[in-house]
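Visitor: Structure below; questions to follow.
The values are calculated or read from the model by the stated rules, or taken from the named source; none is laboratory data. Keep in mind that this is a model prediction, so the values were computed, not measured. As a convention, Cβ positions derive from the backbone with ideal geometry for all residues, glycine included, and neighbour counts pool all protein chains shown.
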Amino acid sequence: MDDSLLNLNSFWNAVRSYQWWVVAIELLLIGLVVYWVLRFLRGTRGARMLRGVAFVLISLALGAPASPLFVSANWLWFTAFVGANLFQSGFTRFCLLEIVLERMGVRPA
């Protein structure tokens, strides 16, 4: 694996090699696509699955030793448990944490 991909400074240098407006347009397009997907999936089972996938990717970044965001390998256990729960709740609409939070008085989004 190329070590330059793991170095945050080399990442910023690569981003700076592009003109600012190219980066701004790409980030704007990515943001619009994410917004449209989230708006389309709002209130559906797909929204739960998308949150599960997003959570897994974020916590993998925290738990993978090759990641520049590495914190601890124990994040991988957390990823497996919560990611699997979010994914299955997308199919079954059953989430134990949701029931616990409702009983504590937290309103669903």
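Visitor: Any residue at all in the stretch 52-65 that is without any contact (Cβ under 8 Å) to a residue 60 or more places away in the chain and over 16 Å from the mean Cα position of the chain (by Cα)?
Guide: The answer is yes; a qualifying residue exists.
Visitor: May I pose another question? Hey, among the residues in the stretch 30-65 that are out of contact with any Ser or Thr (no Cβ under 8 Å at 6 or more places or on another chain) and among the hydroxyl-bearing types (Ser, Thr, Tyr), which one's nearest to Phe87 (Cα to Cα)?
Guide: Thr44
Visitor: When the stretch 40-93 is examined, which residues are found to be over 30 Å from Phe11 (Cα atoms), surrounded by fewer than 13 Cβ atoms within 10 Å (Cβ to Cβ) and small (Gly, Ala, Ser)?
Guide: Matches in the stretch 40-93: Gly43, Ala84.
Visitor: Quick one: would you say Val23 is closer than 30 Å to Asn9 by Cα, loosely packed, with under 11 Cβ neighbours inside 10 Å and outside the structural domain of Glu98 (by TED's automatic domain parsing)?
Guide: no
Visitor: Does the stretch 12-66 hold any residues that are in a helix (DSSP H, G or I), of a type in the set (Lys, Arg) and under 30 Å from Phe94 (Cβ atoms), and which are they?
Guide: Selection gives Arg39, Arg45, Arg48, Arg51.
Visitor: On the given criteria, is Gly105 at pLDDT 85 or above, part of a loop (DSSP other than H, G, I, E, B) and over 14 Å from the mean Cα position of the chain (by Cα)?
Guide: yes
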